[in-house]
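The structure under discussion appears below in the form of structure tokens.
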Amino acid sequence: MRYAIYFTPPSGDALTLAAASWLGRSVYSGEPVEHPAVRGLGIHEIAFHTALPRRYGFHATLKAPFHLNHDCSEAALLRELMRFAGTLEPFEIPRLEVGRLGDFYGLTPATSCPALDYLAAAVVQEFDGYRAPLTEAEIERRNPDGLSASQFANLHRWGHPYVMDEFRFHMTLTGPLLARDFGRVEAALGAHFAPLLEEPVEVANLALFVEREPGAPFQVHSLHPMGRVAARKIA
């Protein structure tokens, strides 16, 4: 089993529901969801272009998937995640937008959000002791020869190349695309998500995801609210 610490909105959030439809699967129930009818892009094309992110579900990576260290347990991870989340204050991403990152699309912050960078770095450091060291095969799957010096150092130190200064918050919505498909896919994403991207997105929880066996889809195991319990009760 592998674990990951991600951000994802609550199950009933409009953005969560729209993303589940686009990707074709609910990351909470694990059940298939019908793709939307979007002008200019057939349902079969959406299914094809979302095959890779469908397995991981709608999320932004904070701590990339990891096996538990041999001397750690799921119960201990859960206790620490609950404790740690309680030390953090919720905040808002002012606005997300559809953006292209290399050859794939996702939702990215429209403006810089230092709170996101701080949160991601804090999660990576706080939970690194729970992560089993990468095997040689896992390192090779990261294509180390194609990484920059900083990314390579991150891979060996933190188990993932895109952390710390290399971190870029994104919520993946497609797999790799051919250049000829960029325009149609971007237009379809804009039509589907634009009505939901005018309001700020609240970051008020950390989500523990699980992959129960190799190749299985990732699913939400539990949400861990940010902020002190007393403050949440008063609110």
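Between amide H atoms placed 1.01 Å from N, distances below 5 Å from residue 59 occur with 172, all of them 5 or more places distant or on a separate chain.
With a cut-off of 19 Å on the backbone N, the residues of segment 6-47 near the modelled label site 7 Å out from residue 178 along Cα-Cβ are 40-47. Site pair residue 147 and residue 45 shows an inter-label distance of 3.6 nm when each label is modelled 7 Å from Cα along Cα→Cβ.
Per-residue ellipticity at 222 nm, computed for the chain from helices alone with -39500 (n - 2.57) per DSSP H run of at least four residues, works out to -10000 deg cm²/dmol. Among the GluC sites (Glu not before Pro) in segment 138-235, those located in a DSSP loop and surrounded by at most 15 other Cβ atoms within 10 Å of their own Cβ are 198.
Only sites in a loop by DSSP and with at most 14 other Cβ atoms within 10 Å count here; which trypsin sites (Lys or Arg not before Pro) in segment 1-40 make the cut? Working shown, then result.
Values: sites: 2, 25, 39; in loops: 39.
Sparse-neighbourhood loop trypsin sites (Lys or Arg not before Pro): 39.
Of the residues 174, 28, 163, the one whose Cα sits farthest towards the positive end of the charge dipole of segment 2-234 is 28 (charges of +1 on Lys and Arg Cβ, -1 on Asp and Glu Cβ, taken about the Cα centre).
Near the amide H of residue 97, within less than 5 Å, lie the amide hydrogens of 108, 110, all on another chain or at least 5 residues away, with H placed in the peptide plane. Shown here for segment 146-235: trypsin sites (Lys or Arg not before Pro) in loop regions (DSSP other than H, G, I, E, B) with at most 15 other Cβ atoms within 10 Å, namely 168, 212, 228.
Label-to-label distance for residue 92 and residue 213 is 4.5 nm, based on points extended 7 Å past Cα in the beta-carbon direction. At an R0 of 25 angstrom, the distance between the Cβ atoms of residue 1 and residue 139 translates into a FRET efficiency of 0.80.
Please state the charge dipole magnitude for the chain, taken about the Cα centre, from unit charges on C-beta atoms (+1 on K and R, -1 on D and E), reported in debye and rounded to the nearest 20. Mind showing how you got there, number by number?
Values: 21 positive and 27 negative charges, 56 e Å.
For the chain, the charge dipole is close to 260 debye.
Amide H to amide H, with H built 1.01 Å from N, residue 88 comes under 5 Å of 227, counting only residues 5 or more places away or on other chains.
Summing +1 for each Lys or Arg and -1 for each Asp or Glu among the other residues whose beta-carbon sits under 11 angstrom from that of residue 68 gives 0.
Panel order for 3, 118, by other beta carbons found within 10 Å of each beta carbon, from fewest to most: 118, 3. Extension gain for residue 191-residue 76 works out to 37.1 nm (0.36 nm per residue, less the C-alpha to C-alpha distance).
The distance between label points at residue 103 and residue 37 comes to 3.3 nm (points 7 Å beyond Cα on the Cα→Cβ vector).
All of the numbers you see were taken from the coordinates with simple rules; none came from a lab. Note that the structure is a prediction, hence the values are computed from the model and not measured. A quick note on method: Cβ atoms are made from the backbone with ideal geometry, for glycine too, and the neighbour counts reach across all protein chains shown.
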